[in-house]
Amino acid sequence: MMNMLQMPSRTQIASIKAALFALCLMPALRLALGWQDDTLGANPIETITRASGDWTLRFLLITLCVTPLRRFTGLNWLLRLRRMLGLFAFAYGCAHLTTYVWLDQFFDWTAIAHDILKRPFITVGFAALVLMTPLALTSNAWSIRRLGGRKWQALHRSVYGIAILGVVHYWWLVKADVREPMLYAFALAWLLILRAWWRELERRRQQAVPPPVPAYKGRVIRIVPTGK
Amino acid sequence: MLIQRPSDILPSEITPRTLFEERRRFLRDAGLLLAAGALGGALPSAEAAVTAAPKLGPLGASPFSTSEEKTPYKAVTTYNNYYEFGTDKSDPAENAGRLITRPWTVRVEGLAGKPRTFDIDELLRLAPLEERIYRMRCVEGWSMVIPWVGLPLASLLKQVEPLGSARYVEFVTLHDPKVMSRLPVLDWPYTEGLRLDEAMHPLTLLAVGLYGEVLPNQNGAPIRLVVPWKYGFKSAKSIVTIRLTDKQPATAWNKAAKHEYGFYSNVNPQVDHPRWSQATERRIGEFRKRPTLMFNGYAEQVASLYQGMDLRANF
Ligand code: HEM
């Protein structure tokens, strides 16, 4: 058991992934069943818009939790779940947009264009989803190889900006009660501060490396503190 | 809680809607019990289970009523904005049960010849109760058609004889932190205001019921304002004080965000809320949005109140 937790086998990872996939589909399933049974309240379209928006943001934040969780627990295989979580964030984002375009606005493109240009909360949400698209498209092994690790990582760092846009989108759309967006803002702030702190630690570690020693004949042995 | 009926309200001949539903449920449950062969124990009594709001009546019809399809009772009573009981639409229905609506008095004061306090049951007898089927348009872009029961606000205001100096009417609503939220979401108590001529307009209603029954708490019991040509938030709920003033009163949403919610807040498809369009609305229960009408379709009755006014500046 302990061993499986530390280092699950290939098949175990596959089962974990399958279970996670099913779990991630639950919110969508609940909405679909609710729509069919008419249990989404008096304004089902609003319920779906909100739930899909909520889950887009939640999956973004869950995705951002993977790295800290991995570092704190030492369970490196958690990294292998990150792509799926990120793609679910995008999928719920697409469902959110589809709800808005289809159910809410019913393809009223003038109204939609108007909303995107004139309503700051929609502008920001739209920007977030547009920015998520290249990340979703490059979330595969082929793209990582094509781009190279460095470039790929640089591109995917935009997820921090996307998450900020997501929280701003939520904050701007509530009328008066900002408690919920504030909760997301706190969670995101914590995740970002953690990363800033790690960067700082890394910077200090690098600085602690003594400046290059002029080349002498023979061997130079350098002892570098790792900071661990 | 038993609500006392005012003496002139006759018990209705018609079976109350909820009682009818209770009976149906009773029959169904009884059927299930029989089918399960579990008969023998005490069957629940339908009459005892009734917690329905008492019927109001007889009710006069009103020429102001619309013939549009009414929004179902369930939607009207479970999809509410009543922030004192929570900010989710379903919160008021869940939490407003704590509100105690009897005894209740409404103080009518300020620039009036005969300011005084009215007991709620006295208010119910002030004028014949009418059914008014009104459209209700929320600033959030949805709407309902609600059969209110009430009396014109004018009939109350006339009782206190407004002075010539009175130009506005302020409405102060209950804020009881024992049963309501203490979170400073808005500056409690919730206050609203109308110009005196708007308040005296025959469309302006003090509602005490809906669907022929006593007003459910989540809809603003025991007495609330209904101003059908303005966005819903103007129609203050659970009113305790009505004050005649010479200055434009501060209003709750205007205090919270003054560039978003003006004093007038007339339904106007041409003036967008900064965060959403007001050109269309979704009628609760419908799929497609419909165009929003100027003054929520009451232009014929109220447009003259705003003649010569820039409705963009006075939004
Ligand atoms: C394509 C662009 C988007 C559009 C047009 C859009 C539009 C909307 C609309 C109309 C609402 C409902 C507002 C209301 O009920 O008053 C909403 C809510 C929301 N959206 Fe978006 N959105 C977009 C992208 C996003 C993205 C990318 C995220 C997440 C990162 C997101 C997260 C949310 C959240 C959290 C809510 C609030 C849910 C709640 O009230 O519980 N949206 N959005």
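Counting 0.36 nm for each residue step from A:ASP37 to A:ALA14 and taking away their Cα separation leaves a gain of 4.9 nm. Note that region B:121-137 has calculated 3J(HN,Hα) couplings of 6, 5, 4, 5, 9, 5, 8, x, 6, 10, 8, 10, 8, 10, 6, 10, 10 Hz, one per residue in order, obtained from phi through the Karplus relation 6.51 cos²θ - 1.76 cosθ + 1.60 (θ = phi - 60°); glycine and proline are x.
For region B:162-295, the alpha carbon positions stretch 43, 34, 33 Å along the principal axes, listed from largest to smallest. Round to the nearest 0.05 the FRET efficiency obtained for A:VAL174 and A:ARG205 when R0 = 60 Å and r is the Cβ-Cβ distance. Efficiency computed from Cβ-Cβ geometry: 0.90. Using a Gaussian network model of chain A in which every pair of alpha carbons under 10 angstrom is joined by a spring, one finds that among A:ILE45, A:ILE62, A:ILE144 the greatest mean-square fluctuation is at A:ILE144. For region A:16-195, the convex hull spanned by the alpha carbon atoms encloses 142 Å³ per residue. 3J(HN,Hα) along region B:175-184: 10, 10, x, 5, 10, 10, 5, 9, 5, x Hz, from the Karplus curve 6.51 cos²θ - 1.76 cosθ + 1.60 with θ = phi - 60°, whole Hz, x for Gly and Pro.
Solvent exposure of B:LYS74, expressed as accessible area, is near 150 Å², computed with a probe of 1.4 Å over the protein chains only.
Label-to-label distance, A:TRP190 versus A:THR133, with points set 7 angstrom from Cα along the beta-carbon direction: 3.4 nm. For B:THR280, the residues whose amide H sits under 5 Å from its own are B:THR292, ignoring neighbours fewer than 5 places away on the same chain, with H placed 1.01 Å from N. Axis of helix A:179-207 versus longest Cα principal axis of chain A: the two differ by about 20°, to the nearest ten degrees. Less than 5 angstrom separates the built amide H of B:LYS230 from those of B:VAL267, all sequence-distant by 5 or more or on a different chain.
For the residue pairs B:LYS89/B:LYS234; A:LYS118/A:LYS175; B:LYS89/B:LYS247; B:LYS230/B:LYS255; A:LYS175/B:LYS289, alpha carbon separations beyond 25 Å are given by B:LYS89/B:LYS247. A probe of 1.4 angstrom, applied to the heavy atoms of all protein chains, finds A:HIS96 with accessible area near 50 square angstrom. Amide H contacts for B:GLY193 (H built 1.01 Å from N in the peptide plane; partners 5 or more residues away or on another chain; cut-off under 5 Å): B:PHE171. If you take the square roots of the eigenvalues of the alpha-carbon gyration tensor of region B:23-306 and sort them as a ≥ b ≥ c, do you get rounded (a/c under 1.5), prolate (a/b over b/c) or oblate? Judged from the Cα gyration tensor, region B:23-306 comes out prolate (a/c at least 1.5, a/b above b/c).
Legend: calculated FRET efficiency, A:LYS118 to A:GLN6, from the Cβ-Cβ distance at R0 = 51 Å, rounded to 0.05, equals 0.45. I'd like the orientation of helix A:44-73 relative to chain A: the angle between its Cα long axis and the longest Cα principal axis, in ° from 0 to 90, rounded to 10. Helix A:44-73 and the main axis of chain A meet at about 10 degrees.
Mean-square fluctuations from a GNM of chain A, with a 10 angstrom spring cutoff on Cα atoms, peak among A:ASP37, A:ASP54, A:ASP108 at A:ASP37. Each principal axis of the Cα cloud of the protein assembly as shown was evaluated for its coordinate range; sorted largest first, these ranges are 110, 72, 44 Å.
Ranked from largest, the principal axis spans of the Cα set of region B:229-306 equal 42, 29, 25 Å. A 1.4 Å probe over all protein chains sorts B:PHE64, A:PHE59 by accessible area into B:PHE64, A:PHE59, starting with the largest. A:TRP109 contributes about 150 Å² of solvent-accessible surface, heavy atoms of the protein only, 1.4 Å probe. When the residues A:TRP55, A:TRP102, B:TRP142 are ordered by accessible surface, computed with a 1.4 Å probe over the protein chains alone, the sequence from largest down reads A:TRP102, A:TRP55, B:TRP142.
For chain A, the longest principal axis of the C-alpha atoms and the axis of helix A:109-118 are separated by about 50°. For the pair B:GLN270 and A:ASP54, a Förster radius of 30 Å applied to the C-beta separation gives a FRET efficiency near 0.40, rounded to the nearest 0.05. Taking θ as phi - 60° and the Karplus parameters 6.51, -1.76 and 1.60, the scalar couplings of region B:63-79 work out to x, 7, 6, 8, 9, 5, 5, 6, 6, x, 3, 4, 5, 5, 10, 10, 10 Hz in sequence order, x denoting glycine and proline.
The values are calculated or read from the model by the stated rules, or taken from the named source; none is laboratory data. In this text, all values refer to a predicted model and were calculated from it rather than measured experimentally. Cβ coordinates were reconstructed from backbone atoms using ideal geometry, including for glycine residues, and neighbour counts include every protein chain displayed. Accessible surface areas use protein heavy atoms only, side chains included; no ligands, DNA or RNA. Shrake-Rupley method; radii C 1.70, N 1.55, O 1.52, S 1.80 Å.
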